[in-house]
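The values are calculated or read from the model by the stated rules, or taken from the named source; none is laboratory data. As the structure is a prediction and not an experimental result, all values here were calculated from the model. Note: ideal-geometry Cβ built from the backbone for every residue, glycine included; neighbour counts use all protein chains shown. To get the accessible areas, we keep the full protein, side chains included, count just its heavy atoms, and leave off ligands, DNA and RNA. Shrake-Rupley method; radii C 1.70, N 1.55, O 1.52, S 1.80 Å.
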Amino acid sequence: MTTIGITGATGALGGRVTTLLAGADMRLDLRLLVRDAARAPDVDTDVRECTYADHGAALAALRGVDTLLMVSAHEGPRRREEHRTFVAAAAEAGVGHVVYTSFVDAGPDTTFTLGRDHHDTEQAIAGSGMAHTFLRDSFYLDVLPHFADAQGVLRGPGGRGRLAAVARDDVADAAAAVLRDPADHAGAAYDLTGPEALGLDEVAARAGAVLGRQLRYVEESVEEAYASRRAGWPDAEQWQLDAWVSTYTAIADGSLERVSPDLERLLGRAPRTLEQALDQEHGQRG
């Protein structure tokens, strides 16, 4: 029996992975690591409360875990510190293998500023002595329409760049596949993208057609983007403004345009398209 720890089980990604693995394989024993046990999915009796920032609680929750799915924490100014605290607790607890949800093009100087946080976490995991697999996903296809404002405008300095965004459910499916046989993926870093690279004008037109909503892309300069976001969110900190703006500049400079074959190799099928991702999300909500 292999014990798999799943963080973020109350969220969209961790919750889907939990559903995919629960009861599907008698070799697997799931342990759900959550902030609030009352919100945990009702699929498993082994639920432990902890946070990434609390080394002691994480250490207690992680003892006995063989393989850990570490879903990246919510973005914030202390995320690197919180991730490193949790990674250290996992290593001390004796976790053998960490599967971490990172970001495509993660690096110390990557354009998308939050991708630098993911690189830092990858470095911490790689130096921990634990076996590891990095799932470097792109932006989520099903989240792209939420970039639009109340008037249906996707506004930012994305230029004419393209991005190979990925369905969140495909990332969950890939994580479940790796967790079933982690030894086969030790040391691997997979770039998880959708099947095509789309411009923001295409995203707006195609997403709008599925949602029955008029969406359009309006290009801003970098200066205009900072100004519009400061005006709309006057209390936002600089790191948040940088993250919002660099979402678009990473599209503009081509950082996110590569279509990777990794997801199809992991799943044995083509990744979902924008339309399929949006249809599935709204079907689930309905």
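Here are the numbers for this structure:
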item: Flag if D105 is in contact (Cβ under 8 Å) with a residue 40 or more places away in the chain, in a helix (DSSP H, G or I) and within 24 Å of V178 (Cα to Cα); result: no
item: Unique match (being surrounded by fewer than 23 Cβ atoms within 10 Å (Cβ to Cβ), at pLDDT below 95 and over 18 Å from the mean Cα position of the chain (by Cα)) among D105, D149; result: D149
item: Residue match in the range 202-222 (condition: within 22 Å of E122 (Cβ to Cβ) and of a type in the set (S, T, N, Q)); result: no
item: Selection from the range 242-261 of residues that are in a helix (DSSP H, G or I) and either closer than 19 Å to R162 by Cα or basic (K, R) (or both); result: A243, W244, V245, S246, T247, Y248, T249, A250, I251, A252
item: Residue list for the range 202-221, filter: within 25 Å of the chain's Cα centre (by Cα) and part of a helix (DSSP H, G or I); result: E202, V203, A204, A205, R206, A207, G208, V210, L211
item: Single unsatisfied condition, R213 versus (1) open to solvent by less than 50 Å² (accessible area, probe 1.4 Å); (2) over 16 Å from D137 (Cα atoms); (3) among the charged types (D, E, K, R); result: (1)
item: Conditions (1) surrounded by fewer than 17 Cβ atoms within 10 Å (Cβ to Cβ); (2) at pLDDT 90 or above; number of the one not met by L21; result: (1)
item: Any chance D184 is within 23 Å of F103 (Cα to Cα) and without any contact (Cβ under 8 Å) to a residue 40 or more places away in the chain; result: yes
item: Selection status of T85, of a type in the set (S, T, N, Q), part of a helix (DSSP H, G or I) and open to solvent by less than 30 Å² (accessible area, probe 1.4 Å); result: no
item: Odd one out for V98, checked against (1) under 30 Å from V259 (Cβ atoms); (2) open to solvent by 20 Å² or more (accessible area, probe 1.4 Å); (3) out of contact with any Phe, Trp or Tyr (no Cβ under 8 Å at 6 or more places or on another chain); (4) outside any helix (DSSP H, G or I); result: (2)
item: Single match in L69, L154 (criterion: in contact with a Phe, Trp or Tyr (Cβ under 9 Å, 6 or more places away or on another chain), part of a strand (DSSP E or B) and crowded, with 24+ Cβ neighbours inside 10 Å); result: L69
item: Residue that is assigned to a loop (DSSP other than H, G, I, E, B) and surrounded by 21 or more Cβ atoms within 10 Å (Cβ to Cβ), where the choices are A9, A53, A61; result: A9
item: Check on A250, more than 11 Å from F112 (Cα to Cα) and among the small types (G, A, S); result: no
item: Selection from the range 226-241 of residues that are surrounded by fewer than 16 Cβ atoms within 10 Å (Cβ to Cβ) and assigned to a helix (DSSP H, G or I); result: A227, R230, A231, G232, Q238, W239
item: Looking only at the range 260-277, and only at residues there that are surrounded by 17 or more Cβ atoms within 10 Å (Cβ to Cβ) and in contact with a Pro (Cβ under 7 Å, 6 or more places away or on another chain), the one that is nearest to D184 (Cα to Cα); result: L263
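Let's see how each residue does on (1) open to solvent by 10 Å² or more (accessible area, probe 1.4 Å); (2) small (G, A, S); (3) assigned to a loop (DSSP other than H, G, I, E, B); (4) free of Cβ contacts under 8 Å to residues at least 60 places away in the same chain:
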{"residue": "T111", "(1), (2), (3), (4)": "yes, no, yes, no"}
{"residue": "V143", "(1), (2), (3), (4)": "yes, no, no, yes"}
{"residue": "L179", "(1), (2), (3), (4)": "no, no, no, no"}
{"residue": "E196", "(1), (2), (3), (4)": "yes, no, yes, no"}
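The rows are residues; the columns are (1) over 23 Å from T51 (Cβ atoms); (2) β-branched (V, I, T); (3) in a helix (DSSP H, G or I); (4) touching a strand residue (DSSP E or B) at 6+ places or on another chain (Cβ under 9 Å).
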site	(1), (2), (3), (4)
E81	no, no, yes, no
D117	no, no, yes, yes
A124	no, no, yes, no
F134	no, no, no, yes
D149	yes, no, no, yes
G158	yes, no, no, yes
